[in-house]
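To keep things clear, I will list the structure first and then write my remarks on it.
The values are calculated or read from the model by the stated rules, or taken from the named source; none is laboratory data. The shown structure was predicted, so the numbers you read here are calculated from the model rather than taken from an experiment. All Cβ positions, even for glycine, are placed from backbone atoms using ideal geometry, and neighbour counts span all protein chains on display.
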Amino acid sequence: MKNYMFGDKKKIKDSERSLISETVSIEGTINSSGAIDIAGLVKGPVISKELIIRDTGSITGSIEADDVEIHGHLDGKVIAQNLVIGATGTVKGDIEFGVNLRTENGADIDGYIKKTSGSKSKLTDGFLFNKKDKKESSSPSESSEDRPDVVNKEAIA
């Protein structure tokens, strides 16, 4: 039997939460298959299954997670299935959500908001929102980048 520095790896569960406390500042990419609570400062992208930015937390960089709650500050793009922006939350960047978006009174958002189908929808799976198609698409009419302009024109009309 192998000995691991921090115990038996079989005991580690994806459901366990990691905390980046108020006294911690991290620069670089953070990846987690579980949940992360951020109360400190992070510079760089964060990819996780679940992410909570607490009131004192701040991220400068993009975030991608299934479930996201923002009560602190985010300066970057967010991609999530379910997103909550709390009353003390500030987002300076574009928002893409697949299922639910909830904003509380006082939430501050500066960026485009777009509902995407993600890979869970059967109707548009692999059509415009597939990451590979985004990179390979060269026709302006097929580009998902043009979609907010179309939405805005319809809203004006």
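Applying the criterion of at least 3 residues that are modelled with pLDDT under 95 to the strands (runs of 3 or more DSSP E) found wholly in the range 1-49 leaves 17-20.
On the stretch given as the range 31-44, residues that are touching a Gly at 6+ places or on another chain (Cβ under 8 Å) and surrounded by fewer than 17 Cβ atoms within 10 Å (Cβ to Cβ) total 2. Here residue 84 meets the list (1) in contact with a His (Cβ under 9 Å, 6 or more places away or on another chain); (2) surrounded by fewer than 16 Cβ atoms within 10 Å (Cβ to Cβ) almost entirely, failing just condition (2).
Where strands (runs of 3 or more DSSP E) fall entirely within the range 55-121, those with at least 2 residues that are closer than 17 Å to residue 38 by Cβ and among the hydrophobic types (A, V, I, L, M, F, W, C) are at 63-70, 78-85. Among residues of the range 24-43 that are outside the structural domain of residue 66 (by TED's automatic domain parsing), none has a beta-carbon under 6 Å from a residue that is surrounded by fewer than 19 Cβ atoms within 10 Å (Cβ to Cβ) at least six positions away or on a different chain. Does residue 94 count as among the acidic types (Asp, Glu) and modelled with pLDDT of 95 or more? Criteria met by residue 94.
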